[in-house]
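Undergrad: Right, I'll just put the structure down here and ask away after.
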Amino acid sequence: MITIDTEDRRSIRTVTLDRPDARNALTVAGLEGLEAAIADADEAVIYLQGRGPAFCAGADLEVVGDLDGDRDRAAEFARLGQRVARTIEDSPAIVVAGIDGPARGGGLELALACDVRVGTPDSTYGEPGVTFGLFGAWGGTVRLPRVVGEGDALEFALSGRVIDADEALQTGLISRIEGDPRSVAEEIADNAHDALGVLKRRLRDDRERATQERREAQVFGDLVAAHADDIDAVLE
């Protein structure tokens, strides 16, 4: 069972994914808890991190396996993840992802929804779902090419390979490598809070994502139905 811990201090809400034994993999309840922790924040900056040796492994594969290949339920699960990512992206706060250890699948997609991504030297990044017939469906197909460019996004997503912090920095997937990523959140929080909000709104203007997300959820449902046996094999 994952818990979502929050701590408010010095204009920063720290949101911690707390399920270290499962690399902070997210269930339905975990996604809903994360959504609430972001949505009710009054602080100027939100700092998102994972507890233990991983940032987030993405969706709990047990949850995906329990969908039993049902297209509609799978698409509904994808839409929930998309909604949480939109809550992060649309928050009036500046959301900083502090990534230490693995960020995989949906965990990487949630980081992509953040305004700033900072990795430690030990951080790693991957979209491994393609290796067993899936892909991340929490808005990653919309945001990844915007962040790293279409060419790098295609190679990264289609290969299923894992990249380290140096390559993530080179492609623009993260903006900085820091031993303590929280220091970047503190640096941002020291600035004028009204200016931060205005800058975020202007930089994110005119982004159409609804059609792409609708298609993403539908295709995810199709793939869960087609690869139900492959998902079960991964869980065994």
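The values are calculated or read from the model by the stated rules, or taken from the named source; none is laboratory data. Computed from a predicted model, the values in this text were never measured in an experiment. Neighbour counts are summed over all protein chains in view; Cβ atoms, including those assigned to glycine, are modelled from backbone coordinates with ideal geometry. The accessibility values were calculated without ligands, DNA or RNA, using every heavy atom of the protein model including side chains. Shrake-Rupley method; radii C 1.70, N 1.55, O 1.52, S 1.80 Å.
Undergrad: Quick one: work out the % antiparallel among DSSP beta bridges in the range 80-226, nearest 5.
TA: Beta bridges within the range 80-226, antiparallel portion: roughly 25 percent.
Undergrad: Let me ask another. Using alpha-carbon pairs under 8 Å, 6+ residues apart, how would you state the relative contact order of the chain in percent?
TA: Value for the chain: 22 percent.
Undergrad: Under 18 Å from a label point 7 Å along Cα→Cβ of residue 161: give me every residue in the range 108-127 with its amide N that close.
TA: Flagged as within label range: 123-127.
Undergrad: When a/c reaches 1.5 or more, the comparison of a/b and b/c decides; with that in mind, is the range 70-149 rounded, prolate or oblate per its Cα gyration tensor?
TA: It comes out oblate by the Cα gyration axes.
Undergrad: Is the shape of the range 54-101 rounded, prolate or oblate, going by the alpha carbon gyration tensor and its root eigenvalues a ≥ b ≥ c, with a/c under 1.5 for rounded and a/b larger than b/c for prolate?
TA: oblate
Undergrad: What is the percent carbon and sulfur in the accessible area of the range 38-90, measuring with a 1.4 Å probe over the protein chains and ignoring ligands?
TA: So the carbon and sulfur contribution to the accessible surface is 37 percent.
Undergrad: Just the number please: accessible area per residue for the chain, 1.4 Å probe, all protein chains included, in Å².
TA: 45 Å²
Undergrad: Give me the number: length gained by fully extending residue 3 to residue 232, i.e. 0.36 nm times residue separation minus the C-alpha to C-alpha distance, one decimal in nm.
TA: 79.9 nm
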